[in-house]
Every structure is written in structure tokens, then in C-alpha cells.
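First up is the structure itself, then whatever we jot down about it.
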Amino acid sequence: AARFGSLGADDSAIRAATVLGAAYRYLGDNLAAQRYLDMAVKHWRARGDTAKTAAALNNVAMVALDNSDFTRAQRLLEESLELKRAVGDTRSVALNLANLADVYLKTGQTDRAADVLAEADDINAELGDFQLTGTITCNKGDLARARSDSAAAAGHYRRALECFRASGNMHDVVLALCGLGVTLHGL
């Protein structure tokens, strides 16, 4: 990032900063992650690049979510969603809706979560994206569990688990297994 910056390659420097932000997030250093990802938001806003600003806002929202700052995560995801709708990237809109559903569920807004999950599901029906199906379905499990429908929740988690295993996403396999485990314990 510093090297690109010294060469005047600002866009490349910010791409490097975004990768650093993601790496720090996965290492659990959310303060460093926040610093790098905030740089990306500022840069892409200044450039007027709507799509990259939306993606950067989503990344910052994920750090806020990791920090249980649900108010900030919701605000950032709602802003990101508005920008993604303007750009017209349907897969990105569906993923953003799934992320927003997660925040709504964590803050007890189950009706709003159901609405955005239904929209994400409708979009994904046209895309047929297996990973996205898993994400939406796992969130449906969380929604069913929040509504005390353990049987439906278990079904959603099992389906999400199939999708995540098939796509090779072990991080999300863990999420589905945790949801399923809590649900089965409750049953």
C-alpha cells in the first residue's frame, strides 16, 4: 500500500489497503481493519465511484457488526444497499440484503429481516448462486429460531450446511453448524 502510494497509484494503494483491512479483520484486529477500510470509503467517495464506495461501506459495516455496533452496521449497510441498487449489481444487492437481515435479527427486527430475506431470495432465484443460497438460508434459520420455530430453523440450517459444504466455504459451514447445534439443543 505504501509503495503504490509513493508511486502515485492511489487506486492500487486503496485496493491494497482493503486487502489489509480484510486480513486484519480475520486476524481479529478490528481497530486496524477499521482504519484501512475507512480509508477505502473515503477514497472511493472522493473518486465518485458508487460501486466501490458501496463495497467499501459494506466492508466497514462488517467490522461494526463484529464489534456489536449494530446501529452503525445497520446505517452503513442501508447506505451501501441504496448505492448498490443504483448501480444495479443484483448479486451484490442480494448479499447486502442478507447482511442487513443479520443486523435486523440481532436487533430484534424480525419483520424487517423477513422482508429483506424474501427480497434476497427472489433475486437469488434468478441467479442460482449456491453460496448466496447458503447465506440466505442460514439467515432464514436464524429468523425461524428467533420466531421459536425450531423445526423450520433446523431445516434451514441443514440446507445452508449443504450449500456451504458444496461451495467449500468452511467459515460459513461453522456458522450453519452452530445454528443447527443450538437449534437441536433447543429441540
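Which percent of the accessible area of the chain is formed by carbon and sulfur heavy atoms (probe 1.4 angstrom)? The C+S portion of the solvent-accessible surface of the chain is 54 percent. Using only the C-alpha atoms, the convex hull of the range 84-174 corresponds to 89 Å³ per residue. Taking every alpha-carbon pair under 8 Å whose residues sit at least 6 apart, the chain reaches a relative contact order of 11 percent. Normalised by the number of residues in the range 30-141, the average gap of Cα pairs under 8 Å and 6 or more apart makes the relative contact order 19 percent.
Just the C-alpha atoms of the range 1-98: what Rg/Rh do they give, with Rh taken as the Kirkwood radius? Show your work: numbers first, answer last.
Values: Rg = 13.2 Å, Rh = 13.5 Å.
Over the Cα atoms of the range 1-98, Rg/Rh equals 0.98.
Cross-link candidates for Lys84: which lysines have Cα within less than 16 Å, leaving aside residues fewer than 8 places away along the same chain? Answer for Lys84, where 16 Å is the Cα cut-off: Lys52, listed by chain and number. The lysines whose alpha-carbon is closer than 18 Å to the alpha-carbon of Lys140, local same-chain residues fewer than 8 away aside, are Lys106. From zero up to wherever the largest Cα-Cα distance of the range 130-187 sits, split into 10 Å bins and tell me the percent of pairs in each. Here the calculated profile for the range 130-187 is 32, 55, 13.
Please compute, over every Cα-Cα pair in the chain, the percentage with a separation greater than 26 angstrom. Provide the component values of the computation, followed by the final result.
Details: 5904 of 17391 pairs.
Summing the P(r) tail past 26 Å for the chain gives 34 percent.
The values are calculated or read from the model by the stated rules, or taken from the named source; none is laboratory data. What you are looking at is a predicted structure, and each value in this text was computed from that prediction instead of being measured. What goes into the accessible areas is simple: the full protein's heavy atoms, side chains included, and nothing from ligands, DNA or RNA. Shrake-Rupley method; radii C 1.70, N 1.55, O 1.52, S 1.80 Å.
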